[in-house]
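A.B. asks: Before I ask anything, here is the structure I am working with.
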Amino acid sequence: EQINKGKYEHYMQKEIHEQPESLTTTMRGRLIRGGLCKSKSVLLGGLKDHLKTIRRSRRIVFIGCGTSYNAALAARPILEELSGIPVTMEIASDLLDRQGHMYREDTAVFVSQSGETADTLQALEYAQENGALCVGITNTVGSAIARNTHCGVHLNAGCEIGVASTKAYTSQIVAMAMLALAIGADTISSQERREAIIEGLFDLPGKVKEVLKLDQEMKDLAKLLIAEQSLLVFGRGYNYATALEGALKVKEVALMHSEGILAGEMKHGPLALVDETLPIVVIATRDACFSKQQSVIQQLHARKGRLIVMCTKGDAASVCVGGSCRVIEVPQVEDCLQPVINIVPLQLLAYHLTVLRGHNVDQPRNLAKSVTTQ
Ligand code: G6P
């Protein structure tokens, strides 16, 4: 049943729309609301014997490729906040090219939907040789990465067929948010924050259902953008990863040049590209970076940028002052979980752009679901 398209035309479309369910299965049995007086907590069975070692590590290193790397980037801020441990990011091939340092005191977290990506697997061997504790986050029970790590978390997102990863991405973010909650579980000062995130996780599938209602709106937007050569996506903070991942989807399947840009770097180059023709998506949902994003929008308006602003429901008027722009309004969730919501309209946009441009959605030219050679 998992591997037919059901009522959908393409696997990618099906996988985008089944995210409320895939997120539910990723969290099933892992979130505990506790009884009277008992606090909320997270239970990750695959990690329980190693949590103490992880908490003692000097550094947590995320390693992955493509969408899996972007998911880790989305989870990085909450991992840093709740663990109190420095978190660094490695694209697997780059770690290998540099032969970057790995230490016995490191926890290396390998993120891979398939669990078979050649570079990630080789980076795992490298980390093992250097004595790091290796954690696997995969969607494939019995995969090479699942087998060869010391411990891990299975995504349980269900089989993903579309070459462009969608439901695995959102499940990866949630799995890593749960990892952050588990590592930080003993810290009294962050208990309230953790409980708010756990409540947010319970509500998340419902909010994803809500954001999926933007399907027709994203199709209309895709019609407007069908003939464009390029699309920029600006994000920062929790949603820097959303900008990278949104651009990756557009590039991979719609075969349109697209670039995710860290908004804080706008003045260091990207601003030169801005004119009245180039479409730019700006992610400006409510979080600690909101006022900085408002100022980015104003500066893009001042250069007559053609803006599509993603904002929190009800914020359209406050994000679009001083110019005209198209707005995508999304439901608000706990800040660190907002990337799960914000990527959905961009997945839908990439999907519709692809169909309208007449390209192969599930098998984009030149790409493979799992890159098992280097
Ligand atoms: C390929 C796929 C991507 C995926 C990447 C990493 O490029 O087309 O969708 O994100 O590999 O794959 P992994 O299985 O390691 O997550």
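A.B. asks: Looking at this structure, is Pro364 under 25 Å from Lys267 (Cβ atoms) and within 16 Å of the ligand (Cβ to nearest atom)?
C.D. replies: Working: under 25 Å from Lys267 (Cβ atoms): no; within 16 Å of the ligand (Cβ to nearest atom): yes.
Judged against the criteria, Pro364 is not a match.
A.B. asks: If Ile161 passes every condition in (1) more than 17 Å from the chain's Cα centre (by Cα); (2) farther than 21 Å from Lys14 by Cβ; (3) outside any helix (DSSP H, G or I) but one, which one does it miss?
C.D. replies: Failed condition: (2).
Okay, residues lined up against (1) at pLDDT 95 or above; (2) under 17 Å from Val344 (Cβ atoms):
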{"residue": "Gly260", "(1), (2)": "yes, yes"}
{"residue": "Ala263", "(1), (2)": "yes, no"}
{"residue": "Gln293", "(1), (2)": "yes, no"}
{"residue": "Ala317", "(1), (2)": "no, no"}
{"residue": "Val327", "(1), (2)": "yes, yes"}
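A.B. asks: Continuing with the same structure: Being in contact with a His (Cβ under 7 Å, 6 or more places away or on another chain), within 15 Å of the ligand (Cβ to nearest atom) and at pLDDT 95 or above: is that true of Thr138 here? Can you show your working first?
C.D. replies: Working: in contact with a His (Cβ under 7 Å, 6 or more places away or on another chain): yes; within 15 Å of the ligand (Cβ to nearest atom): yes; at pLDDT 95 or above: yes.
Judged against the criteria, Thr138 is a match.
A.B. asks: Given the structure, is Gly260 part of a helix (DSSP H, G or I) and of a type outside the set (D, E, K, R)? Before the answer, list the steps.
C.D. replies: On the way: part of a helix (DSSP H, G or I): no; of a type outside the set (D, E, K, R): yes.
For Gly260, the condition - part of a helix (DSSP H, G or I) and of a type outside the set (D, E, K, R) - is not met.
A.B. asks: Next question, about the same structure. Here is a list of conditions, (1) surrounded by fewer than 17 Cβ atoms within 10 Å (Cβ to Cβ); (2) farther than 25 Å from Ala182 by Cβ; (3) not hydroxyl-bearing (Ser, Thr, Tyr), and Asn148 meets all of them except one; can you say which number that is?
C.D. replies: Against the list (1) surrounded by fewer than 17 Cβ atoms within 10 Å (Cβ to Cβ); (2) farther than 25 Å from Ala182 by Cβ; (3) not hydroxyl-bearing (Ser, Thr, Tyr), Asn148 comes up short only on (2).
A.B. asks: Here's another thing I want to ask about it. State whether one or more residues within the range 70-79 are under 20 Å from Ala182 (Cβ atoms), among the β-branched types (Val, Ile, Thr) and not in a loop (DSSP other than H, G, I, E, B).
C.D. replies: yes
A.B. asks: Could you please tell me which pairs satisfy a Cβ distance under 7 Å, a separation of 6+ or placement on different chains, a first residue in the range 64-86 that is under 24 Å from Leu367 (Cα atoms), and a second residue that is away from the ligand (no atom under 16 Å from the Cβ) and at pLDDT 95 or above?
C.D. replies: The qualifying pairs are Leu73/Tyr240; Ala74/Tyr238.
A.B. asks: Going by the conditions given, is Ile145 modelled with pLDDT of 95 or more, among the hydrophobic types (A, V, I, L, M, F, W, C) and within 16 Å of the ligand (Cβ to nearest atom)? Give the derivation first.
C.D. replies: On the way: modelled with pLDDT of 95 or more: yes; among the hydrophobic types (A, V, I, L, M, F, W, C): yes; within 16 Å of the ligand (Cβ to nearest atom): yes.
Answer is yes for this residue.
A.B. asks: Still on this structure, I have one more. Which one of these is touching a residue at least 12 places away in the same chain (Cβ under 8 Å), more than 16 Å from the ligand (Cβ to nearest atom) and surrounded by 22 or more Cβ atoms within 10 Å (Cβ to Cβ): Val321, Val355, Val327, Val340? Write out each step before concluding.
C.D. replies: Working: Val321 fails: surrounded by 22 or more Cβ atoms within 10 Å (Cβ to Cβ); Val355 fails: surrounded by 22 or more Cβ atoms within 10 Å (Cβ to Cβ); Val327 fails: surrounded by 22 or more Cβ atoms within 10 Å (Cβ to Cβ).
Within the list Val321, Val355, Val327, Val340, the selection yields Val340.
The values are calculated or read from the model by the stated rules, or taken from the named source; none is laboratory data. Everything quoted here is computed from the prediction, not taken from an experiment. Please note: Cβ atoms are built from the backbone with ideal geometry, for glycine as well, and neighbour counts cover all protein chains shown.
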